[in-house]
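Student: Structure in C-alpha coordinates, see below.
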Amino acid sequence: AVEGARGHRTDGQSAVSGQDWESAIESFTAGLAVRGTHDADLMSSLQASLESAQASMAARDAARQTAGQRLADGENLLSSRNYESAIAELEAGLELDTQSEELKGRLQVVLASAREGLAAQEAARAEAAEHFSTAEACMSSKDHKGAIAAYEAAAALDVNDAERTSSYTEGVKTARGAMSAAVEGARGHRTDGQSAVS
(Lines give C-alpha, C1' and ligand atoms only; values in the text may rest on other atoms or scores of the structure.)
Protein backbone atom coordinates (compact mmCIF):
# COMPACT_ATOMS: atom_id res chain seq x y z
CA ALA A 1 0.00 0.00 0.00
CA VAL A 2 2.86 2.35 0.90
CA GLU A 3 4.63 1.62 -2.38
CA GLY A 4 1.42 2.18 -4.30
CA ALA A 5 0.78 5.50 -2.61
CA ARG A 6 4.39 6.55 -3.19
CA GLY A 7 4.07 5.57 -6.83
CA HIS A 8 1.06 7.83 -7.21
CA ARG A 9 2.96 10.64 -5.49
CA THR A 10 5.92 10.19 -7.86
CA ASP A 11 3.57 10.25 -10.85
CA GLY A 12 1.95 13.39 -9.48
CA GLN A 13 5.29 15.11 -8.93
CA SER A 14 6.30 14.25 -12.48
CA ALA A 15 3.06 15.77 -13.78
CA VAL A 16 3.69 18.88 -11.66
CA SER A 17 7.10 19.29 -13.32
CA GLY A 18 5.33 19.38 -16.68
CA GLN A 19 2.61 21.71 -15.34
CA ASP A 20 0.02 19.03 -16.12
CA TRP A 21 -2.14 19.91 -13.16
CA GLU A 22 -5.06 17.65 -14.14
CA SER A 23 -2.85 14.55 -14.16
CA ALA A 24 -1.10 15.65 -10.98
CA ILE A 25 -4.41 16.07 -9.18
CA GLU A 26 -5.54 12.68 -10.43
CA SER A 27 -2.34 11.00 -9.18
CA PHE A 28 -2.33 12.67 -5.78
CA THR A 29 -6.02 11.87 -5.33
CA ALA A 30 -5.35 8.24 -6.23
CA GLY A 31 -2.52 8.16 -3.71
CA LEU A 32 -4.76 9.51 -0.97
CA ALA A 33 -7.34 6.86 -1.83
CA VAL A 34 -4.91 4.03 -1.03
CA ARG A 35 -5.90 2.37 2.25
CA GLY A 36 -3.70 0.59 4.73
CA THR A 37 -0.48 2.60 4.45
CA HIS A 38 -0.48 3.61 8.13
CA ASP A 39 1.96 6.36 7.08
CA ALA A 40 0.73 9.76 8.26
CA ASP A 41 3.68 11.63 6.76
CA LEU A 42 3.07 10.12 3.32
CA MET A 43 -0.63 10.95 3.44
CA SER A 44 0.14 14.47 4.65
CA SER A 45 2.61 14.91 1.78
CA LEU A 46 0.04 13.71 -0.74
CA GLN A 47 -2.61 16.04 0.69
CA ALA A 48 -0.29 19.05 0.58
CA SER A 49 0.76 18.19 -2.97
CA LEU A 50 -2.88 17.82 -4.01
CA GLU A 51 -3.82 21.21 -2.58
CA SER A 52 -0.81 22.85 -4.22
CA ALA A 53 -1.70 21.33 -7.62
CA GLN A 54 -5.31 22.44 -7.26
CA ALA A 55 -4.20 25.99 -6.42
CA SER A 56 -1.81 26.03 -9.39
CA MET A 57 -4.53 24.81 -11.75
CA ALA A 58 -6.94 27.46 -10.46
CA ALA A 59 -4.27 30.15 -10.97
CA ARG A 60 -3.60 28.89 -14.50
CA ASP A 61 -7.30 28.87 -15.37
CA ALA A 62 -7.74 32.39 -13.98
CA ALA A 63 -4.73 33.58 -15.99
CA ARG A 64 -6.17 32.04 -19.15
CA GLN A 65 -9.53 33.67 -18.58
CA THR A 66 -7.94 37.07 -17.97
CA ALA A 67 -5.62 36.71 -20.96
CA GLY A 68 -8.56 35.70 -23.13
CA GLN A 69 -10.42 38.83 -22.07
CA ARG A 70 -7.37 40.98 -22.75
CA LEU A 71 -7.07 39.38 -26.19
CA ALA A 72 -10.72 40.20 -26.96
CA ASP A 73 -10.29 43.76 -25.68
CA GLY A 74 -7.09 44.13 -27.68
CA GLU A 75 -8.81 42.95 -30.86
CA ASN A 76 -11.66 45.43 -30.31
CA LEU A 77 -9.24 48.28 -29.69
CA LEU A 78 -7.29 47.31 -32.79
CA SER A 79 -10.50 47.32 -34.84
CA SER A 80 -11.21 50.86 -33.65
CA ARG A 81 -7.57 51.76 -34.43
CA ASN A 82 -6.77 52.63 -30.83
CA TYR A 83 -3.31 51.14 -31.22
CA GLU A 84 -1.62 52.26 -28.02
CA SER A 85 -4.40 50.92 -25.78
CA ALA A 86 -4.53 47.69 -27.80
CA ILE A 87 -0.79 47.19 -27.32
CA ALA A 88 -1.09 47.79 -23.57
CA GLU A 89 -3.89 45.20 -23.25
CA LEU A 90 -2.08 42.58 -25.31
CA GLU A 91 1.26 43.05 -23.56
CA ALA A 92 -0.51 42.68 -20.22
CA GLY A 93 -2.09 39.47 -21.51
CA LEU A 94 1.32 38.09 -22.51
CA GLU A 95 2.70 38.73 -19.02
CA LEU A 96 0.20 36.29 -17.53
CA ASP A 97 1.26 32.69 -16.84
CA THR A 98 -1.36 31.00 -19.02
CA GLN A 99 0.77 27.92 -19.74
CA SER A 100 -0.80 27.94 -23.22
CA GLU A 101 1.34 28.32 -26.34
CA GLU A 102 -1.81 28.61 -28.45
CA LEU A 103 -3.16 31.55 -26.45
CA LYS A 104 0.27 33.15 -26.29
CA GLY A 105 0.58 32.83 -30.07
CA ARG A 106 -2.79 34.50 -30.67
CA LEU A 107 -1.83 37.38 -28.39
CA GLN A 108 1.48 37.82 -30.22
CA VAL A 109 -0.19 37.87 -33.65
CA VAL A 110 -2.66 40.59 -32.68
CA LEU A 111 0.10 42.51 -30.86
CA ALA A 112 2.22 42.50 -34.02
CA SER A 113 -0.72 43.94 -35.99
CA ALA A 114 -1.27 46.65 -33.38
CA ARG A 115 2.41 47.60 -33.44
CA GLU A 116 2.36 47.78 -37.24
CA GLY A 117 -0.72 49.99 -37.13
CA LEU A 118 0.90 52.29 -34.57
CA ALA A 119 4.08 52.56 -36.65
CA ALA A 120 2.07 53.46 -39.77
CA GLN A 121 0.05 56.01 -37.79
CA GLU A 122 3.17 57.65 -36.36
CA ALA A 123 4.80 57.79 -39.80
CA ALA A 124 1.68 59.42 -41.30
CA ARG A 125 1.51 61.94 -38.46
CA ALA A 126 5.18 62.85 -38.86
CA GLU A 127 4.74 63.37 -42.61
CA ALA A 128 1.56 65.41 -42.08
CA ALA A 129 3.37 67.57 -39.53
CA GLU A 130 6.05 68.33 -42.12
CA HIS A 131 3.41 69.34 -44.68
CA PHE A 132 1.67 71.47 -42.06
CA SER A 133 4.93 73.23 -41.19
CA THR A 134 5.52 73.92 -44.89
CA ALA A 135 1.98 75.26 -45.25
CA GLU A 136 2.42 77.62 -42.29
CA ALA A 137 5.69 78.91 -43.77
CA CYS A 138 3.97 79.46 -47.11
CA MET A 139 1.17 81.39 -45.44
CA SER A 140 3.71 83.62 -43.69
CA SER A 141 5.33 84.45 -47.03
CA LYS A 142 1.93 84.94 -48.73
CA ASP A 143 2.52 81.87 -50.94
CA HIS A 144 -1.13 80.90 -50.80
CA LYS A 145 -0.93 78.38 -53.63
CA GLY A 146 1.95 76.58 -51.94
CA ALA A 147 0.09 76.66 -48.62
CA ILE A 148 -3.04 75.12 -50.18
CA ALA A 149 -0.99 72.30 -51.73
CA ALA A 150 0.80 71.58 -48.44
CA TYR A 151 -2.40 71.66 -46.34
CA GLU A 152 -4.12 69.35 -48.84
CA ALA A 153 -1.17 66.94 -48.73
CA ALA A 154 -1.42 66.84 -44.93
CA ALA A 155 -5.21 66.35 -45.01
CA ALA A 156 -4.86 63.48 -47.49
CA LEU A 157 -2.77 61.43 -45.06
CA ASP A 158 -4.43 58.93 -42.70
CA VAL A 159 -3.26 60.31 -39.36
CA ASN A 160 -6.09 58.56 -37.45
CA ASP A 161 -6.94 61.78 -35.63
CA ALA A 162 -10.09 63.72 -36.56
CA GLU A 163 -8.88 66.88 -34.81
CA ARG A 164 -5.62 66.99 -36.75
CA THR A 165 -7.32 66.26 -40.06
CA SER A 166 -9.85 68.99 -39.32
CA SER A 167 -7.06 71.51 -38.65
CA TYR A 168 -5.46 70.63 -42.01
CA THR A 169 -8.80 71.00 -43.80
CA GLU A 170 -9.38 74.34 -42.09
CA GLY A 171 -5.92 75.39 -43.23
CA VAL A 172 -6.92 74.70 -46.84
CA LYS A 173 -10.02 76.88 -46.43
CA THR A 174 -8.03 79.67 -44.78
CA ALA A 175 -5.36 79.63 -47.49
CA ARG A 176 -7.97 79.64 -50.24
CA GLY A 177 -9.78 82.51 -48.54
CA ALA A 178 -6.53 84.47 -48.22
CA MET A 179 -5.70 83.87 -51.87
CA SER A 180 -9.19 84.97 -52.95
CA ALA A 181 -8.86 88.08 -50.82
CA ALA A 182 -5.47 88.84 -52.37
CA VAL A 183 -6.87 88.39 -55.86
CA GLU A 184 -9.84 90.60 -55.05
CA GLY A 185 -7.53 93.22 -53.58
CA ALA A 186 -5.33 93.22 -56.68
CA ARG A 187 -8.36 93.43 -58.96
CA GLY A 188 -9.68 96.33 -56.90
CA HIS A 189 -6.40 98.17 -57.38
CA ARG A 190 -6.51 97.42 -61.10
CA THR A 191 -10.04 98.80 -61.31
CA ASP A 192 -8.99 101.92 -59.44
CA GLY A 193 -6.03 102.29 -61.77
CA GLN A 194 -8.16 101.87 -64.86
CA SER A 195 -10.59 104.45 -63.49
CA ALA A 196 -7.70 106.84 -62.93
CA VAL A 197 -6.42 106.14 -66.46
CA SER A 198 -9.85 107.05 -67.79
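The values are calculated or read from the model by the stated rules, or taken from the named source; none is laboratory data. No experiment lies behind these values; they were computed from the predicted model shown. Cβ: placed from backbone, ideal geometry, glycine included. Neighbour counts: every protein chain shown. Protein only, heavy atoms only, side chains kept; ligands, DNA and RNA dropped before computing areas. Shrake-Rupley method; radii C 1.70, N 1.55, O 1.52, S 1.80 Å.
Student: Would you list, by chain and number, the lysines whose Cα falls below 29 Å from the Cα of residue 173, excluding same-chain residues fewer than 8 positions away?
Tutor: Excluding near neighbours in sequence, the set is 142, 145.
Student: Percent of accessible area on the chain owned by carbon and sulfur, 1.4 Å probe?
Tutor: 50 percent
Student: Please compute the per residue accessible area over the chain with all protein chains in place, 1.4 Å probe, rounded to a whole number of Å².
Tutor: 59 Å²
Student: Still on this structure, I have one more. Rounded to whole Å and sorted largest first, what semi-axes of the equivalent ellipsoid does the C-alpha gyration tensor of the range 1-104 yield via the square root of 5 times each eigenvalue?
Tutor: That gives 42, 10, 8 Å for the three semi-axes.
Student: Now for a separate question. Grab the other residues whose beta carbon is less than 10 angstrom from that of residue 100, score K and R as +1, D and E as -1, and report the net. Provide the component values of the computation, followed by the final result.
Tutor: Working: positive: 60, 64, 104, 106; negative: 97, 101, 102.
Around residue 100, the surrounding residues sum to +1.
Student: When Cα Rg over 2.2 N^0.38 Å is calculated directly from the model, which label among [x] 2.12; [y] 1.04; [z] 1.23 fits?
Tutor: It is the one labelled [x].
Student: Can you give the Rg/Rh ratio of the range 131-188, where Rg is from the C-alpha atoms and Rh is the Kirkwood radius?
Tutor: My calculation puts Rg/Rh at 1.04.
Student: Which semi-axis lengths, in whole Å and largest first, follow from the square roots of five times the eigenvalues of the Cα gyration tensor of the range 59-129?
Tutor: Details: eigenvalues 145, 19, 13 Å².
The equivalent ellipsoid of the range 59-129 has semi-axes of 27, 10, 8 Å.
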